[in-house]
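Here's the structure, in structure tokens; my notes come after.
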Amino acid sequence: MSLIKSISGIRGTIGGPVGEGLTPVDIVKFTAAYCATLPERVGAKADGSHYKVVVGRDARISGSMVEQIVCGTLSGCGVDVVKCGLASTPTTELAVRFAGADGGIIITASHNPRQWNALKLLNAQGEFLTAAEGGRILEVAEAEGFDFAEVDELGKISEHDYTDEHIDSVLALDAVDAKAIADAHFKVVLDSINSVGGIIMPRLLERLGVECITLNGEPTGDFAHNPEPLPKNLVDLCTTVVKEGANLGISVDPDVDRLAFICENGEPFVEEYTLVAVADYLLGRYGAGETVSNLSSSRALRDVTEAHGGHYNAAAVGEVNVTTKMHEVGALIGGEGNGGVIYPASHCGRDAMVGVALFLSNLAHKGMSVSEYKKTLPQYFIAKNRMEISDPALVDRILESLKAHYCGEKITTIDGVKIDFEARKQWVHLRKSNTEPIIRIYSEAATEAEAQALADEVMALAGKIAA
């Protein structure tokens, strides 16, 4: 069994002993700690009213059980609850604002397999908590420093489905050209991996005038394949796009914050390019602007940004780090190379709904096929590797030694060590895992062979240092 407690929430496999799996006891402790720290984040209620927290969940088999415990604990802490029911992560984030709530809890393990679930914690703006706020919740949870409400102060539980409000907000975006999309008469195939994407995405596409064929559309939580939207998991989607003569294949993860496309010829558009394509459209529409992605994302975003006269910014890995940098620089668009699009004009959270609407707007304006459009973007390939390190103490020594070895190149250390070989337009990023004795090594170059060769070079040096 696995249980991971971090500043971003609590994540684990369902069942097992307390503290070793995601059990009801662990859910109560973490939810109660979230409630206990509400006054620190939003201040005291001068009028004596209750705090209000929104709760939404994906369609995982364990979701209903976890939802009941979370909502009951919130009520037991004297917090009013707005249950969104089956709702995507971005829907729940927006619901915090729609409901005028003081925070939110999303019950989802994102792209993890069916036996996993998690609590993701939001602030009053519907964004993920900062590292300091998340750390404080961990402290309170470990100390069990919380009190429960007496009977007359129990929180009230109400229900509201914010799906249509979310769709309305997407269609209201200035950059979404619904008429151009409808006039293009697009036909798409959607793989919603038996979760909430099968509820909200077809309704958005219908409103946009797009014909939608759905795979794995029933939100049973019994995922038809590995739920991470990677090419190796999307074989049926690729095949169906070609068979149906569709313009595009769309894949989302179980909580609909990650997005990957399939070209009309059945080839992956590659999830790294989801953000790049959306940024290309927005920069072309609004002119030069600031963009942000994490250090492990493709250089293609930087190239596209600079080609439009804009300025690119790098952030540490993790959505909260990306959104923090986006707030700092006033970014037009940002996100992560895992298919996460963050468009502040909507809200500062990854949102596949926004990503689809902007991508289709772009495609309608370009008047070309997806594969033809892909060829107009900078072409790179990312290789993803990992090194197991028997002695965790060696990890820092390896990273420091590699910094010294490549001191003539551009070095970034805000998250591990990233080495940019500017003359070759290549980079390698090394990060130590917080949960395993490994180093993750991502490298990018113009071809797969070059990217892997760069990774092999760095791993060979790291191996010598560790020996």
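None of the figures in this text is laboratory data; all of them are computed from the coordinates on show. None of these values were measured; they are calculated from a predicted model. Please note: Cβ atoms are built from the backbone with ideal geometry, for glycine as well, and neighbour counts cover all protein chains shown.
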Of all DSSP beta bridges in the chain, what percent run antiparallel (nearest 5)? 60
Cα-Cα pairs of region 3-161 separated by more than 22 Å (percent): 33
Quick note, region 341-458: a/c under 1.5 would make it rounded; otherwise a/b > b/c is prolate and the rest oblate (a ≥ b ≥ c, C-alpha gyration tensor); here it is prolate
Under the 7 Å Cα-to-Cβ spin-label approximation, Lys375 and Val18 lie apart by a distance in nanometres of 6.3
Straight-line reach check, Lys325, cutoff 26 Å on alpha carbons, 8 or more apart in-chain or any other chain, hits among lysines -> Lys5, Lys120, Lys384, Lys403, Lys410, Lys418, Lys425, Lys432
Region 370-424, dipole about Cα centre (Lys/Arg Cβ +1, Asp/Glu Cβ -1), debye to the nearest 20: 280
Cα lying deepest toward the dipole's positive end in the chain, options His347, Gly134, Asn362, charges on Cβ: Asn362
Taking the alpha-carbon distance from Lys156 and a cut-off under 19 Å, which lysines remain once sequence neighbours fewer than 8 residues away in the same chain are dropped? Lys45, Lys52, Lys83
I want to check the label-to-label distance for Leu461 and Ala143. Put each point 7 Å from Cα in the C-beta direction and report it in nm to one decimal. 4.5
Once you have a ≥ b ≥ c as the square roots of the Cα gyration tensor eigenvalues for region 44-104, tell me rounded if a/c is under 1.5, and otherwise prolate or oblate according to whether a/b is larger than b/c. oblate
Determine Rg/Rh for region 12-55; Rg is computed over alpha-carbon atoms and Rh is the Kirkwood hydrodynamic estimate from the same atoms. 1.15
Taking the Cβ of Glu228 as the centre, find all other residues whose Cβ is under 10 Å away and add up their charges (Lys, Arg: +1; Asp, Glu: -1). 0
Student exercise, region 290-448 dipole from Lys, Arg, Asp, Glu Cβ charges, in Debye to nearest 20: 260
Given an 8 Å cut-off on Cα distances and at least 6 residues of separation, report the relative contact order of region 1-144 as a percent. 31
Could you tell me which of Val70, Thr220, Val151 has its Cα farthest along the dipole of the chain towards the positive end, charges placed at Cβ (Lys, Arg +1; Asp, Glu -1), taken about the Cα centre? Thr220
I want the antiparallel fraction of DSSP beta bridges within region 3-161, as a percent rounded to 5. 45
Taking region 381-466 and dividing mean pair separation by its residue count, relative contact order in percent (alpha carbons under 8 Å, at least six apart): 37
What does the charge dipole of the chain about its Cα centre add up to, to the nearest 20 debye, if the Cβ of each Lys and Arg holds +1 and the Cβ of each Asp and Glu holds -1? 780
Rg over Rh [alpha-carbon atoms, Kirkwood Rh] for the chain: 0.97
DSSP bridge pairs, region 280-396: antiparallel proportion in percent, nearest 5: 35
Only Cα pairs under 8 Å and at least 6 apart count here; give the relative contact order of the chain as a rounded whole percent. 11
